[in-house]
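Note sheet for the following structure.
The values are calculated or read from the model by the stated rules, or taken from the named source; none is laboratory data. It should be emphasised that the depicted structure is a prediction, and the values quoted were computed from it without experimental measurement. Backbone-built Cβ (ideal geometry, glycine too); neighbour counts: all protein chains shown.
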Amino acid sequence: MWLDVYENVNELTKQEQLALFKALKNDLFPDEPDKITKLLKQIRESRFSSGMACVHCGSTAIKRNGKYKSRQRYLCKDCNKTFNDMTNTPFSGSRYPEKWVKYMEMMVEGYTLPKIAKRLKIHISTAFYWRHKILNALRSLDFEQLFGIVESDETFFRESMKGRKVTHRKAKKRSTKDKKRGISDLKIAVVVAQDRNHNIIALKAGTGRVRAEEIDAVIGRYIHPTSVLCTDTATNYKKFAKIKGYHHETINERQKQRVKKGIYHVQNVNNFHSRLKTWMDRFQGVATKYLDNYLYWFRWLEIDKHLSFEKQVEQMLISACQKSNNTTVQMLRSA
């Protein structure tokens, strides 16, 4: 019988064979329950790099307080609360520790929620809450400051009130075209800035054409004063550069100017826009209130794409646990 199956497999494409192999591997050889424990030492060292401190009050008056399910617990002498290495992380209180690493693998691969729920055999709402707990934790790490030549430009996404009552306009289906053509207040502006060291910032800035003050509010504090701002000829960026006192180089794309003085261009940031839009398409419309989370997620993948897949998963898991972040399901429901 299995020989017949093997012969049929040869009729599949290489991509289909690989997908079949992964499915069989996941079903027959699931991750061992204690796989996460192999990373606990790295999580502990990253989280308490300045010394052991209470995750509730910050006190350093800590003592060991036994173990629970093989994990060391600690007692704070000041607030009298206990904690372990995973307390106040996206995974604290989870009933499925054996699925954490696999979930991270699927986030690195950019899986949609229905696929994650089906593969891990969890409810789709659980997959949703895990995703945003992780993304909230990653966003708490904030952005690196940009230096040198900093390219910047904005891109636009349709406003999405998914899961919320629409009060400021008539509700419409996702596939319905906007009544207003071009850039309007029905579009969400996302400002992207990137330096030549591949540090990236991507944040929503408002609706329609963004003003200089809106650009300043989202990226102004992240660009070093000595940086050279490189943009197109839009007046909002000219005003932004003047407000901040940046040296400003403009690229006139209407006159088919691509590179100025052999080094100034906005090709990196425009390529980022293109990859971002392609990656976002798989989610079939991201709710505007969660857009910043998805922007940070994609930025994270872009910065770490030079690493091996295993290293990306490891880095995402460790970074999600680096800061104390007590995002609860109730908080996400009421957002």
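Kindly list the number of the only condition in (1) over 10 Å from E151 (Cα atoms); (2) touching a Ser or Thr at 6+ places or on another chain (Cβ under 8 Å); (3) surrounded by 11 or more Cβ atoms within 10 Å (Cβ to Cβ) that fails for R254.
(3)
When the stretch 188-226 is examined, which residues are found to be surrounded by 20 or more Cβ atoms within 10 Å (Cβ to Cβ) and either in a loop (DSSP other than H, G, I, E, B) or not assigned by TED's automatic domain parsing to the domain that holds F157 (or both)?
V210
Out of the stretch 127-160, which residues are more than 14 Å from the chain's Cα centre (by Cα) and assigned to a loop (DSSP other than H, G, I, E, B)?
E144, Q145, F147, G148, E159, S160
Taking M316 and the conditions (1) farther than 21 Å from R47 by Cα; (2) crowded, with 17+ Cβ neighbours inside 10 Å, which numbered condition does it fall short on, given that it satisfies the others?
So M316 meets the others, but not (1).
Which pairs turn up if I take residues in the stretch 76-97 that are loosely packed, with under 14 Cβ neighbours inside 10 Å and look for partners that are in a strand (DSSP E or B) with beta carbon separation below 8 Å, at least 6 apart in sequence or on another chain?
K77/I62; K77/K63
What residue, among those in the stretch 280-335 that are assigned to a loop (DSSP other than H, G, I, E, B) and hydrophobic (A, V, I, L, M, F, W, C), is nearest to P114 (Cα to Cα)?
In the first step, residues of the stretch 280-335 are kept if they are assigned to a loop (DSSP other than H, G, I, E, B); the result is 284-287, 304-308, 321-328, 335.
If we keep only those that are hydrophobic (A, V, I, L, M, F, W, C) too, we end up with 286-287, 307, 321, 335.
Numbers: V286: 14, A287: 16, L307: 27, C321: 25, A335: 22 Å.
Only one residue fits best here, namely V286.
With the requirement that a residue be part of a helix (DSSP H, G or I) and surrounded by fewer than 18 Cβ atoms within 10 Å (Cβ to Cβ), what does the stretch 237-251 give you? Working first, answer last.
Filtering the stretch 237-251 for residues part of a helix (DSSP H, G or I) gives 237-244.
Correct list: K238, K239, K242, I243.
Kindly indicate which of V286, V259 is assigned by TED's automatic domain parsing to the domain that holds F157 and surrounded by 17 or more Cβ atoms within 10 Å (Cβ to Cβ). Full working, then the answer.
Details: V259 fails: surrounded by 17 or more Cβ atoms within 10 Å (Cβ to Cβ).
So the residue among V286, V259 that is assigned by TED's automatic domain parsing to the domain that holds F157 and surrounded by 17 or more Cβ atoms within 10 Å (Cβ to Cβ) is V286.
For K311, indicate whether it is outside the structural domain of N88 (by TED's automatic domain parsing) and without any contact (Cβ under 8 Å) to a residue 40 or more places away in the chain. Break it down stepwise before answering.
On the way: outside the structural domain of N88 (by TED's automatic domain parsing): yes; without any contact (Cβ under 8 Å) to a residue 40 or more places away in the chain: yes.
Yes.
Would you pick out the residues in the stretch 123-144 that are among the hydrophobic types (A, V, I, L, M, F, W, C) and surrounded by fewer than 18 Cβ atoms within 10 Å (Cβ to Cβ)? Quick ask: steps written out before the conclusion?
Taking the stretch 123-144 first, the residues among the hydrophobic types (A, V, I, L, M, F, W, C) are 124, 127-128, 130, 134-135, 137-138, 141, 143.
Within the stretch 123-144, I124, F128, L141, F143 meet the criteria.
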